[in-house]
Amino acid sequence: MVNYLKTKYIRIMILLLILVGVFIMFFSCCNTLAPDENLTLQRTDYIGNELRIDGYYVHYFAKGKTDADFFFENGTVFRVRGRRIDGISDYSEKRFLDANFIRLNRDTKTNWSVFEINGDDIVIQGWTHSSGGGIPIATRRGKILNDTTFVITSIHIHRQTREINEVYHFRKFSPKPDSTNSFIK
């Protein structure tokens, strides 16, 4: 009788573990099948002069990280993330000329955004990194100080808005990467 109960208990535990495993696999699978969020800001050609577009804008983070944003006349933004070595060094700018580096970054959805300028207000909307499920949208808002400097003052992701203070400075650069991408029409 004791052996029968042990065997039945072991069978129940195995069945329970299998059910938990199936449950975990089902829900992790569903999260990866969630669709990416869609942009709500429409791409429009930029014909203004509030910002220079003959180079890129760089923002320096702590710990040596940088964002370099290339703005294009077709209303798109191409973001290249990297590490700072003595500021935005020649090393970093050489990467912008490296066809393989640019191709890899161009094929990454989270490196693309659209932008809109209204007076001294700027809105940049694009995909951001996901922690599971579809790729979410990030909407960054800020103020243009002059044609070579703007400040992003807030970021909105997943129905949450955070106040931030990210200053971007212009650096003239040529030739800029191409704005061709498969994510923004």
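The values are calculated or read from the model by the stated rules, or taken from the named source; none is laboratory data. The model shown is predicted, which means the values in this text are computed figures rather than measured ones. Backbone-built Cβ (ideal geometry, glycine too); neighbour counts: all protein chains shown.
Among the criteria (1) modelled with pLDDT under 85; (2) of a type in the set (S, T, N, Q); (3) surrounded by 15 or more Cβ atoms within 10 Å (Cβ to Cβ), the one SER179 does not fulfil is (1). The residues on offer are PRO136, PRO177, and the sole one that is touching a helix residue (DSSP H, G or I) at 6+ places or on another chain (Cβ under 9 Å) and not polar (S, T, N, Q) is PRO177.
Please work out if ILE85 is under 19 Å from ALA62 (Cα atoms), at pLDDT below 95 and among the aliphatic types (A, V, I, L, M). The answer is yes for ILE85. The single condition among (1) more than 12 Å from the chain's Cα centre (by Cα); (2) in contact (Cβ under 8 Å) with a residue 40 or more places away in the chain; (3) not in a loop (DSSP other than H, G, I, E, B) that ILE124 does not satisfy is (1).
Would you check if ILE10 is assigned to a helix (DSSP H, G or I) and modelled with pLDDT of 75 or more? Criteria met by ILE10. Of all residues in the range 28-63, those satisfying the criterion of being more than 17 Å from TYR168 (Cβ to Cβ), surrounded by 10 or more Cβ atoms within 10 Å (Cβ to Cβ) and modelled with pLDDT under 90 are SER28, CYS30, ASN31, THR32, ALA34, ASP36, GLU37, LEU39. Look at ASN100 and say whether it is loosely packed, with under 13 Cβ neighbours inside 10 Å, at pLDDT 80 or above and among the polar types (S, T, N, Q). Spelling it out, ASN100 is indeed loosely packed, with under 13 Cβ neighbours inside 10 Å, at pLDDT 80 or above and among the polar types (S, T, N, Q). Scanning the range 127-150 for residues that are at pLDDT 95 or above, of a type outside the set (Phe, Trp, Tyr) and in contact with a Lys or Arg (Cβ under 8 Å, 6 or more places away or on another chain) gives ASP147, THR148. Remark: SER154 falls outside the filter, which requires a residue to be in the same structural domain as ALA62 (by TED's automatic domain parsing), buried (at least 19 other Cβ atoms within 10 Å of the Cβ) and either touching a Gly at 6+ places or on another chain (Cβ under 8 Å) or not in a loop (DSSP other than H, G, I, E, B) (or both).
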